[in-house]
Number of protein chains: 2
Amino acid sequence: MSDLNPTPLDLTLDGGALTARLVDFPSVSGDEQALADAVEAALRGYPHLTVDRHGNNVVARTNLGRAERVVLAGHLDTVPIADNLPSYVDGDRLYGCGTSDMKSGVAVALRLAASLTEPNRDLTYVFYDCEEVEAHRNGLGHLVKDHPDWLAADFAVLMEPTGAMVEGGCQGTLRAQIRLTGVRAHAARSWLGDNAIHHAAEVLTRLETYEARRVEIDGLEYHEGLNAVRIDGGVAGNVIPDECVITINFRYAPDRSEAEAEKHVREVFDGFELTVTDFAAGALPGLAQPAARTFLEATGGRARAKFGWTDVARFSALGVPAVNYGPGEPDLAHKRDEWCSLSAIAETEERLRGWLAG
Amino acid sequence: MSDLNPTPLDLTLDGGALTARLVDFPSVSGDEQALADAVEAALRGYPHLTVDRHGNNVVARTNLGRAERVVLAGHLDTVPIADNLPSYVDGDRLYGCGTSDMKSGVAVALRLAASLTEPNRDLTYVFYDCEEVEAHRNGLGHLVKDHPDWLAADFAVLMEPTGAMVEGGCQGTLRAQIRLTGVRAHAARSWLGDNAIHHAAEVLTRLETYEARRVEIDGLEYHEGLNAVRIDGGVAGNVIPDECVITINFRYAPDRSEAEAEKHVREVFDGFELTVTDFAAGALPGLAQPAARTFLEATGGRARAKFGWTDVARFSALGVPAVNYGPGEPDLAHKRDEWCSLSAIAETEERLRGWLAG
């Protein structure tokens, strides 16, 4: 499909037009090389930037010796195309795969990279691959592991679709399995066995009566949740089952560490066999940081907590407070009729430019 | 494997030797025709018997105008052979596939059929196919449906393996599904959903605290049981599930009808959506019948309740009280090292002969 893009990327196009160019440059996860090449080539054309590359991840930065450094980051990949290319404009809407998630955010970052030759804060632009697939393939994760110095900063803005609203931090997620055991027997002589499924009653009662915590951090309200996401038990229609496994998912506010989250879950299910299978730490919103405070003012002062886990947590793990802020519509991500508002693209760029060039 | 049996069945062999001959005549479910042919041919050699055939089911009877008629029945099929043919004798044990379940019982019935020319009760011998497989293939079921008159009697003895102990009646079994519903949501915003798995807490609590009834019928103690045999719920690791299904199995004493059993289960799970999926009525032991009383005395007076569902219920459905009584060892049925006690074969035959020839 590369014939859709015979010419190099022109970063002087307006935000909507540049978004359309990026959208018409297909880059489904795993197939980002051509787009990463184009992004790298375009950025190397600007002498105020130094450019590094690692795999299909491109990092550009200014080196002006400013007191603060800010990261603007976005992923290059999209979910699979669903008959929604090439892009087209209808009124204020640009339709197509990746318009909201998140080539509009990438376009804004690329335009700022090209045009902000003398920003008031040093800037690091990060474009990475494989955000839409398994965590171990995530390009930002590879940069964290192999080149954490490239990501050093005081604050980071991930330009994921937020409807041009600041979303602070993210909640952590922990998955665990609770295993109930019993003794197998023929159902006709059930008293010779011990029914493992029945022992799940107490676990599910604790879940049903669990009161999820709400907590305010940096002015944002987080809302936890503890849920069974799977239950499996049974051997055959005439057998008393000797095992039942409940998978639980704890979504926790970013004021808890991974260890604290695990301790809490173990307390809730005290007396049961519990194995943690899967962990992703949350990220504090960091809105009390100086860079964040001015960012919040520049973007209109509105912010809300982010409940789902996002890549901001990867910055958080490096000690870099991070927020999500982008022009895309979060509810349209991964939808066949995905679109992005052209005015939101322009507004997002204007707000960021006001913050960084003011 | 028919070369194992080049000669016709000789019903004058002693019980152990005849059992060995039958065992060495492979008849895995669906492959009973050769054995049914041999049984039919052997029985047609006795002028005191009239013989009927339906499929691979053979029915022979005396017609002496006695006041009572008794059925002796056994299935011809076995579970698949597991390197346990041909049979061999080790001390008092005859080893091989089907020795206990139930060619020893068939051998006893065939010997009685051949030798009891003037029994004190009219006798009906029933040999049928496909007992070890799906209920709709069961040969006794086909006779119940197509020739119920062939099975008319005052009492029936099914010669399944019972360790030469009378097992009376059988419990019924009812399976049902209880469906819990909720509202799907992303696990990061669980308060927007309604977790169907959590709603299973109340159902499982009722199961865990359920007190199963024990009841004495005709001097035998039945023991009911109500159990979850399967539970399934869950969409994905990050989704609040909107459905959870619990399959329950109620094993009930034969003093409850199917309708009463269903009513009881609906009362226990009042307030929940319950669908009955599967039903098999129980069978009363019928040990108060005159034929049964003398049978019990002749077999030593010991009897116990049968908890599992068995083909006696098919007789019960025709209004014929039925018990299980056979020389095989029930715990060895379907085992690779299946065996039957040669002395139990002789004892069972002697007891039945005493009852029917006395």
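Would you confirm whether or not region A:119-142 contains a residue that is of a type outside the set (V, I, T) and touching a Pro at 6+ places or on another chain (Cβ under 6 Å)?
The answer is no, given that none of the residues of region A:119-142 is of a type outside the set (V, I, T) and touching a Pro at 6+ places or on another chain (Cβ under 6 Å).
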Worksheet item: Is it true that some residue in region B:174-188 is at pLDDT below 95, over 19 Å from B:I248 (Cβ atoms) and touching a Phe, Trp or Tyr at 6+ places or on another chain (Cβ under 6 Å)?
Response: yes
Item to complete: May I ask you to list the residues in region A:242-262 that are facing chain B (nearest Cβ under 7 Å) and in contact with a Phe, Trp or Tyr (Cβ under 8 Å, 6 or more places away or on another chain)?
Response: A:R251
Fill in: B:R256 on the phi < 0 side of the Ramachandran plot, in contact with a Gly (Cβ under 9 Å, 6 or more places away or on another chain) and not acidic (D, E)
yes
Worksheet item: If you scan region A:32-88, which residues turn out to be within 18 Å of A:V144 (Cα to Cα) and of a type in the set (V, I, T)?
Response: A:V51, A:V58, A:V59, A:V70, A:V71
Discussion item. Step by step: first the residues of region B:29-63, then only those that are in contact (Cβ under 8 Å) with a residue 60 or more places away in the chain and over 19 Å from B:T124 (Cβ atoms), then the one that is surrounded by the fewest Cβ atoms within 10 Å (Cβ to Cβ). Which residue is that?
Written reply: B:G30
Item to complete: Specify the residue that is nearest to A:C244 (Cα to Cα); the eligible residues are those in region A:269-288 that are more than 14 Å from chain B (Cβ to nearest Cβ) and buried (at least 18 other Cβ atoms within 10 Å of the Cβ).
Response: A:L274
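Yes or no, residue by residue, for (1) assigned by TED's automatic domain parsing to the domain that holds B:D146; (2) closer than 27 Å to B:E347 by Cβ:
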position	(1), (2)
B:P8	no, no
B:F25	yes, yes
B:D31	yes, no
B:N63	yes, no
Discussion item. Can you report the number of residues in region A:194-241 which are in a strand (DSSP E or B), in contact with a Gly (Cβ under 9 Å, 6 or more places away or on another chain), buried (at least 20 other Cβ atoms within 10 Å of the Cβ) and more than 7 Å from chain B (Cβ to nearest Cβ)?
Written reply: 2
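For region A:38-84, which strands (runs of 3 or more DSSP E) that fit wholly inside it have 2 or more residues that are under 16 Å from A:F25 (Cα atoms)? Can you show your working first?
Details: elements: A:50-54, A:57-61, A:69-75.
Hits in region A:38-84: A:69-75.
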Worksheet item: Has region A:129-150 got any residue that is assigned to a strand (DSSP E or B) and either touching a residue at least 40 places away in the same chain (Cβ under 8 Å) or assigned by TED's automatic domain parsing to the domain that holds A:S343 (or both)?
Response: no
Practice prompt. Kindly indicate whether any position in region B:102-110 is free of Cβ contacts under 8 Å to residues at least 60 places away in the same chain, within 17 Å of B:A42 (Cβ to Cβ) and more than 14 Å from the chain's Cα centre (by Cα).
Written response: yes
Worksheet item: B:I178 versus (1) touching a helix residue (DSSP H, G or I) at 6+ places or on another chain (Cβ under 7 Å); (2) facing another protein chain (nearest Cβ under 10 Å); (3) under 21 Å from B:F272 (Cβ atoms): which is the lone unmet condition?
Response: (2)
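Out of all the residues in region B:151-173, is one or more touching a residue at least 60 places away in the same chain (Cβ under 8 Å), part of a helix (DSSP H, G or I) and within 31 Å of the chain's Cα centre (by Cα)?
We begin by selecting, within region B:151-173, every residue touching a residue at least 60 places away in the same chain (Cβ under 8 Å); these are B:151-173.
This time we only want the ones that are part of a helix (DSSP H, G or I), so: B:151.
Pick out the ones that are also within 31 Å of the chain's Cα centre (by Cα) and you get B:151.
Yes, there is a match, as at least one residue in region B:151-173 is touching a residue at least 60 places away in the same chain (Cβ under 8 Å), part of a helix (DSSP H, G or I) and within 31 Å of the chain's Cα centre (by Cα).
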Response to the item:
Within region B:261-302, residues β-branched (V, I, T) and part of a loop (DSSP other than H, G, I, E, B) come out as B:T299
Worksheet, complete the sentence: When region B:315-358 is checked residue by residue, the ones that are among the aliphatic types (A, V, I, L, M) and in a helix (DSSP H, G or I) are B:A317, B:L332, B:L342, B:A344, B:I345, B:A346, B:L352, B:L356, B:A357
Response to the item:
Of the residues in region B:242-268 that are out of contact with any Leu (no Cβ under 9 Å at 6 or more places or on another chain) and touching a residue at least 24 places away in the same chain (Cβ under 8 Å), the one that is surrounded by the fewest Cβ atoms within 10 Å (Cβ to Cβ) is B:S257
Discussion item. For the structure I just gave you, tell me whether B:A317 is of a type in the set (A, V, I, L, M, F, W, C), touching a residue at least 24 places away in the same chain (Cβ under 8 Å) and touching a Pro at 6+ places or on another chain (Cβ under 9 Å).
Written reply: no
Practice prompt. State all residues of region A:326-343 that are more than 14 Å from the chain's Cα centre (by Cα) and small (G, A, S); if no residue qualifies, say none.
Written response: A:S341, A:S343
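Return a yes/no flag: does region A:125-143 have any residue that is away from chain B (no Cβ under 14 Å), out of contact with any Ser or Thr (no Cβ under 8 Å at 6 or more places or on another chain) and either more than 21 Å from A:L76 (Cβ to Cβ) or among the acidic types (D, E) (or both). Write out each step before concluding.
Residues of region A:125-143 away from chain B (no Cβ under 14 Å): A:125-133, A:136-143.
If we keep only those that are out of contact with any Ser or Thr (no Cβ under 8 Å at 6 or more places or on another chain) too, we end up with A:125-128, A:136, A:138-143.
Now restrict to residues that are either more than 21 Å from A:L76 (Cβ to Cβ) or among the acidic types (D, E) (or both): none.
Scanning region A:125-143 turns up no residue that is away from chain B (no Cβ under 14 Å), out of contact with any Ser or Thr (no Cβ under 8 Å at 6 or more places or on another chain) and either more than 21 Å from A:L76 (Cβ to Cβ) or among the acidic types (D, E) (or both).
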Response to the item:
Within region A:337-350, residues of a type in the set (S, T, Y) and either surrounded by fewer than 22 Cβ atoms within 10 Å (Cβ to Cβ) or not assigned by TED's automatic domain parsing to the domain that holds A:Y88 (or both) come out as A:S343
Item to complete: Might you let me know whether region A:309-331 holds any residue that is within 13 Å of chain B (Cβ to nearest Cβ), within 30 Å of A:V23 (Cα to Cα) and loosely packed, with under 15 Cβ neighbours inside 10 Å?
Response: yes
Practice prompt. Identify all residues within region A:62-92 that are more than 24 Å from the chain's Cα centre (by Cα) and of a type in the set (K, R); write none if there are none.
Written response: A:R66
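Considering region B:105-128 alone, what residues qualify as being outside any helix (DSSP H, G or I), surrounded by 17 or more Cβ atoms within 10 Å (Cβ to Cβ) and either modelled with pLDDT under 95 or not aliphatic (A, V, I, L, M) (or both)? Lay out the reasoning, then the answer.
Pass one, region B:105-128, residues outside any helix (DSSP H, G or I): B:116-128.
Restricting the remaining residues to those that are surrounded by 17 or more Cβ atoms within 10 Å (Cβ to Cβ) gives B:116, B:119, B:121-128.
Within region B:105-128, B:P119, B:R121, B:D122, B:T124, B:Y125, B:F127, B:Y128 qualify.
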Item to complete: Taking the options B:R293, B:R304, B:R353, name whichever one is in contact with a Leu (Cβ under 9 Å, 6 or more places away or on another chain), closer than 12 Å to B:A164 by Cα and surrounded by fewer than 20 Cβ atoms within 10 Å (Cβ to Cβ).
Response: B:R304
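The values are calculated or read from the model by the stated rules, or taken from the named source; none is laboratory data. Treat the numbers as computed from the prediction; the structure is a model and nothing was measured. Glycine gets a Cβ as well: all are built from the backbone with ideal geometry, and neighbour counts include every protein chain shown.
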